[in-house]
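Student: Pasting in a structure now, in C-alpha cells, and then I'll have a few things to ask.
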Amino acid sequence: MGEQTAKASGLNRAKTYQLVLFPLNNGATNVYYVLVLSYIATFGSKVLALSMIFASVMVTGMRLFDAITDPIIGALMDRTNGRFGKFRPFMVIGNLIMAASILMLYCLTPLIPASSMGLRYAAFVALYAVWVIGYTFQTSCTRSGQTVLTNDPKQRPLFTIFNTVGSLLGMGAMQFFAPILAKNYEGGYASAGFFRTLAPVGIVISILLTILAIIGIWEKDQPKYFGIGGEASEKVKLHEYVQIIKNNNPMQRLMVAGAGCKLALSIATNTTVLCMLYGCMMGNYDGLYLPMMVLGYVFSVPFFLLTVRTSQKEGQKASLMKYVSVAFICYIGVLVLLLLWGRSDAFTLSIMGENGLSINLYTILFIAFFGIGYGAYYATADMPIPMVADCSDYETYRSGNYIPGIMGTLFSLVDKLVSSLSATVVGIAVSFIGLESLPTQYDPYTPGMNWVVIVLFCIIPMVAWAATLIAMKGYTLTGEKMKEIQAVNACRRDAVAKGMKLDEAEFHNQMDEQRQRARKAREALGDLGWAGVEFGKDIPSTEFVGYDRDTVEDAKVVALVVEDELAEELMTGVDGIVVLDKTPFYAEMGGQVADHGVITCGGAKFEVNNVQKNKGGKFMHYGKVVSGTFKVGETVTASIDAERRKGVRRAHSATHLLDAALKKVL
C-alpha cells in the first residue's frame, strides 16, 4: 500500500526500520524480566540468606505498591507532550532507574554484614520497589507507543515477529549467558559472584536495545499521531479513568487473556522449575537445558509466521485463540509423559550419552509435544501487546479519549503481577515438599518433586490458557471491527485538523458510524433502494390508514435511510427517510401533494416535509430529526398536519372543479 493510499484510507503506517527497532524496547525490559523476576527469589534466599517464603512472597506483595504507582505513571504519560515527545522520556528514565537499582541490589546488598539482617531486608525491599517504578516507566511504552507507530491492521501483527527478535536478543541472551556464567562460580546460581557478573552484562544489553528502540519511535513520537488531536487527551481527569476502563469491555477481556499468556510463560520457564525438571528429575541439567531452549525457539519460528499470517487475514483475536488452543492440546501430551516419568530407564529424557547420541522414544515424543506446544505459546505470549493498541484506539473511537499511558500501565501492572506471582507460586509449591530453599541444578531429587514439576510446568499453564480462551471468546475487536474503528477515527482526526471542535468532530464520527452501519445493512439485504427500487423482501409494504385517521400511535419503524444508505438509527440534526409499517400520511400522487407532520417517540421528534411511495408500496417519509434518536424496530406516533391537509383538499377539489368547467365550456 502506497503512502497516498494509506492516507486516503486513514491509516498511519510505519516504515520498515521503525517496525523493526521499536519492539526492541520490549527486549530491553525482558532483559530485566530474566535478570530480576527469574532470579530475585534465589538471590534473596541463597545470597542474602533471607527467608525463602519472604523472598518469594515479597515480590507479589509489592503489587499493592504497583496498584498505586502504575495509574499515576500512566496518567503522567497521558499528560506528557514535551520537546522529546510522549514516550521517549519514559523509556530513557525507566531504563536508567532499573540499571541503577539492580546494580545496587545485586552488587552492594551482599556486602551488608550478616549480623545486620534487618538492613538486608530493608535494602532488598527498597531497591526492588525502585526497580518496579523504572520497569513500569519503560514497559508501558512498549504497549502505548504502538498507538502512534502504526494503526494498519496488516502491520500491527508484525510486532510479534520483531518483538521475538528483541526477546531473543534480550531474554534469550540472558538465558544463554546465565548458565554459562554460573559454571564459573562455586554454588552456581546461589553465588554472589554470579549476580555481580550477570547484572552488568544484562544492563549493557538493555541499554543498547533501548537506544535502538528510541531511534525506532523518534519520528512517530509527536502530537499529530496522538489520538484524534485537539483537546481530547487533556480533558481526562484521574477520577475519570476508573469509569473509562469500566466501560471498555475489550480491554478487560484482553487483560485476562494477557495475564493467562504471561502466567503460562513465566511459570513454565521459571529457572527453578527448569532446574527441577532437567536437573533434579532427569539428572542432566547441563545436557538438557540449552538444547531444549534452542529447540523451543526453533519450533517457535514457524508459529510466529503463522500467527502473523492469521492475524492479517482473520484478525488478532482469531490468531490468538487458534494457537493458544494448539499449545493447550500439545501440553496434554507433555503432561502424560511427565506422569509416566521414572517408571523405568526408558521413561526419562536422554539426548547425549557417554558414547555420543543417545535418544529414546520418550525423548522424541517429549521434543515433539513440548516443541510444538512451546512454539505455539511462545508465539502468542506477546500477542496481547499489539492488541493493547487496538483497545486504545477503541477507546478513542468510543469516547474520544486518547489515553495510551493508562492502557500501557494497566498491562504493565498485569505483567508484573503475573510475573511476580510466578515466583510466589513456585516458592510455595517447593515448600510443600519440605525444602527450605529453592533447588538449583545441583540439588538432588526430593520425593514429590515430580508432582511439583507437573503442576508448575503443565497444569497451571493449561489452566491459564483455558482462561485466555474463555476471555477471548467475548472479545469484540475482530479484524472487521478494527477496520471500522480506524476509518471512523481517521474521519474525526481530519475534522479536528480542519479546525473543528471536539463536539463537532464527534458529530462527524457518529455520522461516519451511521454510514458504516448503513453499508452493512445494505449488503445484508442485497439490491436495495428507495426511489423506485425495492428495499428488500424483509421490509413490508406500508399500510395507509389516513382516510379516517390523522394520527397513528402504534406505527413501527421498519427502515431508516441516511444519505442513500440504510441505517439502524437517525440522530439529532440528520436529514433522512423513515419507513413505517402503517401511516396516516398521504403520499404525493394523483396531482395531490403529500402530507406534512411529525413522527415522535418519547422525546424524539422527526419533522416530515415530504412523502413518496415507491413501486414496492413503501411510504417514504422525508424530513429531519429535530430532537432525540430514532431506531429501527421502535414503536412511534405518526401525526399529520390536519389543517394543512384540509387546505390541500380544498385546493385540490377546486382544481378538479375548474378543470371540469373548462372542459364543458370549451
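The values are calculated or read from the model by the stated rules, or taken from the named source; none is laboratory data. Keep in mind the model is a prediction, meaning the values are calculated, not measured. Cβ coordinates were reconstructed from backbone atoms using ideal geometry, including for glycine residues, and neighbour counts include every protein chain displayed. Only protein heavy atoms, including side chains, enter the accessible area calculation; ligands, DNA and RNA are left aside. Shrake-Rupley method; radii C 1.70, N 1.55, O 1.52, S 1.80 Å.
Student: Which whole-number percent is the relative contact order of segment 247-356 (Cα, under 8 Å, 6+ apart)? Don't jump to the answer; show the numbers that get you there.
Tutor: Numbers: 30 pairs, mean separation 19.8, N = 110.
Relative contact order for segment 247-356 comes out at 18 percent.
Student: Need one number: nm distance between label points at Leu290 and Thr446, each 7 Å from Cα along Cα→Cβ, rounded to one decimal.
Tutor: 2.8
Student: Using 0.36 nm times the number of residues separating Trp218 and Phe432, minus their current alpha carbon distance, what extension gain do you get?
Tutor: Values: separation 214, 0.36 × 214 = 77.04 nm, distance 5.02 nm.
Between Trp218 and Phe432, full extension yields an extra 72.0 nm.
Student: To test your reading of the geometry: what angle, between 0 and 90 degrees and rounded to tens, separates the Cα axis of helix 88-107 from the longest principal axis of the chain?
Tutor: 20
Student: Next up: Mind grabbing the accessible area of Ile470 for me, 1.4 Å probe, Å², rounded to tens?
Tutor: About 120 Å², ignoring ligands and nucleic acids.
Student: Taking the 0 to 90 degree range and rounding to the nearest ten, how far is the long axis of helix 52-61 tilted relative to the main principal axis of the chain, both from C-alpha atoms?
Tutor: Once rounded, the angle reads 20 degrees.
Student: Could you sort Ile351, Ile215 by their accessible area in this structure, using a 1.4 Å probe and putting the largest first? Show your work: numbers first, answer last.
Tutor: Working: Ile351 30, Ile215 85 Å².
My answer, sorted largest first, is Ile215, Ile351.
Student: If you count only protein heavy atoms with a 1.4 Å probe, what accessible area per residue comes out for segment 49-142, rounded to a whole Å²?
Tutor: Numbers: 3610 Å² over 94 residues.
Roughly 38 Å² per residue, with all protein chains present.
Student: Could you work out how much longer the chain between Ile329 and Asn610 gets when fully extended? Use 0.36 nm per residue separation minus the Cα distance between them, nm to one decimal. Could you put the intermediate results ahead of the total?
Tutor: Numbers: separation 281, 0.36 × 281 = 101.16 nm, distance 6.30 nm.
Gain in length upon complete extension: 94.9 nm.
Student: Right, here's the next one. Can you list residues from other chains, or at least 5 along the same chain, whose modelled amide H is less than 5 Å from the amide H of Phe619?
Tutor: HN-HN under 5 Å from Phe619: Thr542, Leu580.
Student: Please state the shape class of segment 67-146: rounded when a/c is under 1.5, otherwise prolate if a/b exceeds b/c and oblate if not, all from the C-alpha gyration tensor. If you can, show how the numbers build up before the last one.
Tutor: Values: a/c = 3.79, a/b = 2.49, b/c = 1.52.
In terms of gyration-tensor shape, prolate.
Student: So the label point goes 7 Å from the Cα of Glu634 along Cα→C-beta, right? Which residues of segment 579-614 then have their backbone N under 19 Å from it?
Tutor: Of the residues in segment 579-614, 579-585, 597-610 have backbone N under 19 Å from the label point off Glu634.
Student: Quick check: net charge around Leu349, other residues with Cβ under 15 Å of its Cβ, Lys/Arg +1 and Asp/Glu -1? Working shown, then result.
Tutor: Numbers: positive: Arg343; negative: Asp286, Asp345.
Once all neighbours under 15 Å are counted, the net charge is -1.
Student: May I ask for the Rg/Rh ratio of the chain, computed from Cα atoms with Rh as the Kirkwood radius, given to two decimals?
Tutor: Working: Rg = 32.8 Å, Rh = 28.5 Å.
Using Cα coordinates only, the ratio equals 1.15.
Student: Another one. What FRET efficiency comes out for Lys473 versus Gln592 if R0 is 45 angstrom and r is the Cβ-Cβ distance? Round to the nearest 0.05. Show your work: numbers first, answer last.
Tutor: Working: r = 57 Å, r/R0 = 1.27.
That gives a FRET efficiency of 0.20.
Student: What share of all Cα pairs of segment 357-467, in percent, falls into each consecutive 5 Å distance bin?
Tutor: 2, 8, 13, 15, 15, 15, 11, 7, 6, 4, 2, 1, 0
Student: Averaged per residue, what accessible surface does segment 234-378 expose to a 1.4 Å probe, in Å²?
Tutor: That works out to 43 Å² per residue.
Student: Take the residue pairs Lys154/Lys483; Lys556/Lys618; Lys322/Lys483; Lys317/Lys483; Lys154/Lys313; Lys313/Lys481 and return only those whose Cα atoms are more than 18 Å apart. All intermediate terms of the calculation are to be shown ahead of the outcome.
Tutor: Numbers: Lys154/Lys483 10 Å; Lys556/Lys618 13 Å; Lys322/Lys483 21 Å; Lys317/Lys483 14 Å; Lys154/Lys313 8 Å; Lys313/Lys481 13 Å.
Cα-Cα > 18 Å for Lys322/Lys483; rest within.
Student: While we're here: Rounded to whole Å and sorted largest first, what semi-axes of the equivalent ellipsoid does the C-alpha gyration tensor of segment 372-419 yield via the square root of 5 times each eigenvalue? Working shown, then result.
Tutor: On the way: eigenvalues 130, 38, 6 Å².
Semi-axis lengths for segment 372-419 are 26, 14, 5 Å.
Student: Also: Helix 384-399 sits at what angle to the longest principal axis of the chain, using alpha carbons and giving 0 to 90 degrees rounded to 10?
Tutor: Between helix and principal axis, roughly 30 degrees.
Student: Could you tell me what % of all Cα pairs in segment 138-286 have separations over 20 Å?
Tutor: On the way: 7332 of 11026 pairs.
Across segment 138-286, Cα pairs with separations above 20 Å total 66 percent.
Student: Still on this model: Sorted from largest down, what three extents in whole angstroms do the Cα atoms of segment 306-429 have along their principal axes?
Tutor: The Cα atoms of segment 306-429 stretch 66, 39, 24 Å along the principal axes, largest first.
Student: With the crude spin-label approximation of a point 7 Å out along Cα→Cβ, what separation in nm comes out for Ser115 versus Ser51?
Tutor: For the pair Ser115/Ser51, the computed spacing is 2.4 nm.
Student: Provide Arg196, Arg83 ordered by accessible surface of protein heavy atoms (probe 1.4 Å), highest first. Let's see the in-between values first.
Tutor: On the way: Arg196 120, Arg83 215 Å².
Per-residue accessible area, sorted high to low, gives Arg83, Arg196.
Student: Now, a different point. For the chain, with the dipole built from +1 on Lys and Arg beta-carbon atoms and -1 on Asp and Glu ones, taken about the Cα centre, which of Asn163, Val47, Gly187 lies farthest toward the positive end?
Tutor: Result: Asn163, furthest along the dipole toward the positive end.
Student: Please report the Cα spread of segment 62-200 along all three principal axes, rounded to whole Å, starting with the longest.
Tutor: Here the Cα extents, ordered largest to smallest, are 56, 33, 27 Å.
Student: Carbon and sulfur: what percent of the chain's accessible surface (1.4 Å probe)?
Tutor: Values: 16880 of 27350 Å².
On the chain, the fraction of accessible area on carbon and sulfur atoms equals 62 percent.
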